[in-house]
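The values are calculated or read from the model by the stated rules, or taken from the named source; none is laboratory data. Predicted model, so just to flag it, every value in this text is computed and none were measured. Virtual Cβ from ideal backbone geometry, glycine too; neighbours counted across all protein chains shown. Ligands, DNA and RNA are stripped out before the accessible areas are found, and what is left, the full protein with its side chains, is counted by its heavy atoms. Shrake-Rupley method; radii C 1.70, N 1.55, O 1.52, S 1.80 Å.
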Amino acid sequence: MGLNVYNTLTRKKEPFHPIEEGKVRMYVCGPTVYNYIHIGNARPAVVFDTVRRYFEYRGYKVNYVSNFTDVDDRLINASKARHQSVPEIAEQFIKAYKEDTGALNVQPATVHPRATETMPEIIAFINKLVESGFAYESNGDVYFRTRKFKEYGKLSHQSIDDLKAGARIQIGEDKEDPLDFALWKAAKPGEIKWNSPWGDGRPGWHIECSAMVEKYLGDTIDIHAGGTDLTFPHHENEIAQSESLHHQTMAHYWLHNGHIQINHEKMSKSIGNVILVHDLIKKFDPQVVRFFILTVQYRHPINFSDALLNDAVQAFGRLKTAHYNLSHRLNESESAANETIVEKYRKPFIEAMNDDFNTANAIAVLFDAARDANIALQNESSTIEELQAYLQVLTELPAVLGLTLADDTDRIVDRDVEALIQNREEARKNRAFDVADAIRDQLKEAGIILEDTPQGVRWKRGNV
RNA sequence: GGCGGCAUAGCCAAGCGGUAAGGCACGGGUCUGCAAAACCCUUAUCCCCGGUUCGAUUCCGGGUGUCGCCUCCA
């Protein structure tokens, strides 16, 4: 069975067929860089990074493009508030974005285009729309003639007349129709601006994505993705712009991730419940945050809370412990993994991911492997090849999800600790358990937890 | 008002025609000098009412609850 993906356009799961054999062209709408990213921004980054990793795992070459919106109203407002220029603010938060997503083990995109660096293409795009009658200039602004694009509403499955009720015209706008949207906005005095055939100004939000997709990926791409809220109007508008110009499908598959909620309600500034990644990863291991995000199918909403994250800490710890205990037992020994065992978990994992990237089920396979590994670990007759296979499974499969179970703590202990462990072993041999237990308590105070196993003492760092 | 998602054990979450994966927590047990880690066992009238079917958590209709988009918010 091949890969099936849920397509917002058709509201169905469809078999995935790339335009070009063995290659995937995908575009993911990126952030507006006027602040640190919140966990809602992190979800698409993590989810679609996982999609990308899975494609690569299956042998595809992925051209992954994700933009930075580095000029818009919010950046201009931030610029005024902070008395910094728009480029300065953008630069600062692009850097922060890379740090935060990097911590979540999100790989950099193949290309991260910026709106301000795509200006010639954006202006040319608008120009062609004006020439073909799909757009018109009005007092220095340029608007898209929405009704002229007959398929408008096909992505969000809304009829144009239903949409009309919700459309509004802002003060100062001069549209022919309330549904029309801005491609270019005339600069107000003092605002950052670029020269264009319609006077100084800056691009509207939707046009940058159309221009970037065209520039970096072509007229038709495989996958276009983003948060569910982007379905309308952002993606609908992108389709209108690109397809009225190119006369061909903009993207074959439209993927949208569900939102993150706090206490079962929307995370928003007005409610004051926004959680920044920047802050969250001070409290929780970023890997756990990524793991937690992936425990839920990407299209469904996720509720966030410390209690839920703490459960995830426990769950993820179980996986890490299994990996660590395998490594400890295998120590330095180099041996081939038993392929039959590896396949036993690889197969259901792939099956899960093939079903619209069902990471929840994929993670369940990881837990099955961990349990079986623990059993094998207790069984004295287990062969090195078998144990090596479990280690392989618990390395290879998590990596597809962007997770690493390998122990990353500092394994170097100072000589005093080393000596204490030795002393305790001596004491235990002599059945001087009070002495041994005292040493164990002492080390526990110092954050080192000892575990006795048939293969000798094993230690790990831990709090309490 | 238009469009859509969701409702499964104490909690989180898969499954989506043949009487329920996985995780966290709780309780009991095994192993251990004692622990730790681990393993085993235990825990579900799948929101309600109709319908289709030999059979429905799974499909259809209705209802209730809940979340969201229709405001350049991922």
_Can you give me the angle between helix A:119-131 and the longest principal axis of chain A, using Cα atoms only, in degrees from 0 to 90, rounded to the nearest 10?_
40
*Pull up all non-local amide H partners of A:Phe149: gap of 5 or more, or a different chain, and H-to-H distance under 5 Å with H placed in the peptide plane.*
none
*Mind jotting down the distance between the C-alpha centroids of the range A:353-427 and the range A:257-326, whole Å?*
22
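Skip the ligands, DNA and RNA, and give the accessible area per residue of chain A with a 1.4 Å probe, whole Å².
On the way: 21670 Å² over 464 residues.
For chain A, the solvent-accessible area averages 47 Å² per residue.
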_I'd like the accessible area for A:Trp205, computed on protein heavy atoms only with a 1.4 Å probe and all protein chains in place. Round to 10 Å², please._
100
_Rolling a 1.4 angstrom probe over the protein chains, ignoring ligands and nucleic acids, what is the accessible area of A:His264 in square angstrom, nearest 10?_
140
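Quick check on the range A:3-158: take the gyration tensor over C-alpha atoms, sort the square-rooted eigenvalues as a ≥ b ≥ c, and tell me if it's rounded (a/c under 1.5), prolate or oblate. Working shown, then result.
On the way: a/c = 2.00, a/b = 1.10, b/c = 1.82.
Here the range A:3-158 falls in the oblate category.
Using only the heavy atoms of the protein chains and a 1.4 Å probe, how would A:Ile281, A:Ile439 rank by accessible area, largest first? Write out the running numbers ahead of the final one.
Numbers: A:Ile281 45, A:Ile439 15 Å².
Putting A:Ile281, A:Ile439 in descending order of accessible area: A:Ile281, A:Ile439.
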*Per residue of the range A:99-114, in order, report the coupling 6.51 cos²θ - 1.76 cosθ + 1.60 (Karplus, θ = phi - 60°) as ³J(HN,Hα) in whole Hz, putting x for Gly and Pro.*
5, 5, 6, x, 4, 7, 6, 8, 6, x, 5, 4, 9, 10, x, 10
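Which percent of the accessible heavy-atom area of chain A goes to carbon and sulfur, probe 1.4 angstrom? Let's see the in-between values first.
Working: 10630 of 21670 Å².
Here it works out to 49 percent.
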*Can you give the calculated 222 nm mean residue ellipticity of chain A, where each DSSP H run of n ≥ 4 adds -39,500 (n - 2.57) and the sum is split over every residue, rounded to the nearest 500 deg cm²/dmol?*
-15000 deg cm²/dmol
*Where a Cα-Cα gap under 20 Å defines reach, which lysines qualify for A:Lys193, not counting those fewer than 8 residues away within the same chain?*
A:Lys80, A:Lys185
_Suppose each label sits 7 Å from its Cα in the direction of the beta carbon; what would the A:Phe232-A:Lys128 distance come out to in nanometres?_
2.8
_Just to verify a number: what accessible area does A:Thr453 come out at with the full protein assembly present, 1.4 Å probe, Å² rounded to tens?_
30
*Normalized C-alpha radius of gyration of the range A:188-237, against 2.2 N^0.38 Å?*
1.43
*If one takes the longest principal axis of the Cα atoms in chain A, at what angle in degrees, from 0 to 90 and to the nearest 10, does the Cα axis of helix A:384-400 lie?*
20
*How big is the gap, in Å, between the Cα center of the range A:208-239 and the Cα center of the range A:89-127?*
15
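As a test of reading the structure, rank A:Arg415, A:Arg318, A:Arg147, A:Arg424 by solvent-accessible area (1.4 Å probe, protein chains only), most first. If you can, show how the numbers build up before the last one.
Numbers: A:Arg415 205, A:Arg318 110, A:Arg147 90, A:Arg424 5 Å².
The most accessible residue leads, giving A:Arg415, A:Arg318, A:Arg147, A:Arg424.
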*Which sequence of A:Arg371, A:Arg43 reflects their accessible areas, 1.4 Å probe, from the largest down?*
A:Arg371, A:Arg43
*Residues whose placed amide H lies under 5 Å from that of A:Lys23, excluding near-sequence neighbours*: A:Lys61
